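Data first, discussion second: the structure below is written as structure tokens.
The values are calculated or read from the model by the stated rules, or taken from the named source; none is laboratory data. Everything numeric here is computed off the predicted structure, so don't read it as measured data. Don't worry about glycine lacking a Cβ; one is built from the backbone with ideal geometry, like all the others, and counts go over all protein chains shown.
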Amino acid sequence: MFDISLYGHITFDRVFNIENGTSYYGVGSIGNVWKTLMEVNPKLSLSLIPTEFGESLILKSENTSERASISNLSKTIIQPEIKDSKWSHILYINELQNVSFIKDVKGIVSADICNGKIFKDMSLLKHIDFLFISDEDLNVDIKEFYTRVKIAVIYHKKNGSIVYLKSGKEIHTEVQLIPNLNVIGAGDGLVACFIDTYLQNNNIYKSIKAAHNKLTNILIKKNEN
């Protein structure tokens, strides 16, 4: 059995910095989550199961810690082989062309929503324990999400997050804003940090606090390099 299986989108990323005109290539989506998981806990056993292959063009500003992108996330689509796992995470549920496998994934199941299509198939949320979404990607009433998932919606933004439990209870976490950070993949990084911590302590409140702290340290370290 794997600790974590990652399903969904994997992308070839072209990233451009508007302050100095530099650029670089990278592996995004599943690649971002995998990289952060390996940083926070190299002992994890991971299964990478991309179901859709695509590419993204990303423009970032380190001065404002902002980014924008355009993507073709589903150039190639395959049917995945489901793996036994303690946790399965699915990227990005609102852009997946093939969602037939979601009902079959194993363990605790999480998914996230990216900037793009409006998520309409709410019936899929009955299979999801945790749904992650950022403030820039929210385009419907968040109650539409947290009343349908099994456990909670984690709504994250620059200065922290709000966990909306299915019951309607909220857990607020605030973090200090640090200027001039490279925030590419930060949302995926928060997902990775939360999953790793929750698997260790099974506590939502402790896990979201620890996830933000871990992510901040990773972003600072990345900025120094």
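Take residue 76 and tell me if it is surrounded by fewer than 17 Cβ atoms within 10 Å (Cβ to Cβ) and of a type outside the set (A, V, I, L, M).
Values: surrounded by fewer than 17 Cβ atoms within 10 Å (Cβ to Cβ): yes; of a type outside the set (A, V, I, L, M): yes.
Taking the combined requirement at face value, the residue satisfies it.
Scan the stretch 91-112 for residues that are under 16 Å from the mean Cα position of the chain (by Cα) and of a type in the set (Gly, Ala, Ser) and report the count.
2
Keeping to the stretch 49-68, report how many residues are in contact with a Ser or Thr (Cβ under 8 Å, 6 or more places away or on another chain) and over 12 Å from residue 11 (Cα atoms).
3
Would it be correct to say that residue 47 is within 24 Å of residue 136 (Cβ to Cβ), surrounded by 15 or more Cβ atoms within 10 Å (Cβ to Cβ), out of contact with any helix residue (DSSP H, G or I) (no Cβ under 7 Å at 6 or more places or on another chain) and not charged (D, E, K, R)? Before the answer, list the steps.
Working: within 24 Å of residue 136 (Cβ to Cβ): no; surrounded by 15 or more Cβ atoms within 10 Å (Cβ to Cβ): yes; out of contact with any helix residue (DSSP H, G or I) (no Cβ under 7 Å at 6 or more places or on another chain): yes; not charged (D, E, K, R): yes.
Criteria not met by residue 47.
Test residue 96 against the stated conditions and say whether it is modelled with pLDDT of 90 or more, of a type outside the set (Lys, Arg) and part of a helix (DSSP H, G or I). Outline the logic, then answer.
On the way: modelled with pLDDT of 90 or more: yes; of a type outside the set (Lys, Arg): yes; part of a helix (DSSP H, G or I): no.
No, not satisfied.
Considering only residues that are part of a loop (DSSP other than H, G, I, E, B) and of a type in the set (A, V, I, L, M), which ones fall in the stretch 31-60? Give the steps one after another, and end with the answer.
From the stretch 31-60, those part of a loop (DSSP other than H, G, I, E, B) are 41-45; that's our starting set.
Across the stretch 31-60, the qualifying residue is only 44.
Give me the pairs: first residue in the stretch 74-90 and in a strand (DSSP E or B), second residue basic (Lys, Arg), beta-carbon distance under 6 Å, and six or more apart or on different chains, which are they?
Pairs that qualify, where the first residue is in a strand (DSSP E or B) and the partner is basic (Lys, Arg), are 85/106; 88/106.
Which pairs turn up if I take residues in the stretch 156-174 that are in contact (Cβ under 8 Å) with a residue 24 or more places away in the chain and farther than 14 Å from residue 134 by Cα and look for partners that are hydroxyl-bearing (Ser, Thr, Tyr) and exposed (fewer than 12 other Cβ atoms within 10 Å of the Cβ) with beta carbon separation below 8 Å, at least 6 apart in sequence or on another chain?
As it stands, the answer is 171/205, since those pairs meet every condition given.
Name the one entry in 123, 161 that is among the hydroxyl-bearing types (Ser, Thr, Tyr) and within 23 Å of residue 216 (Cα to Cα). If you could, list the steps in order and put the result at the bottom.
Values: 123 fails: within 23 Å of residue 216 (Cα to Cα).
On inspection, the qualifying residue turns out to be 161.
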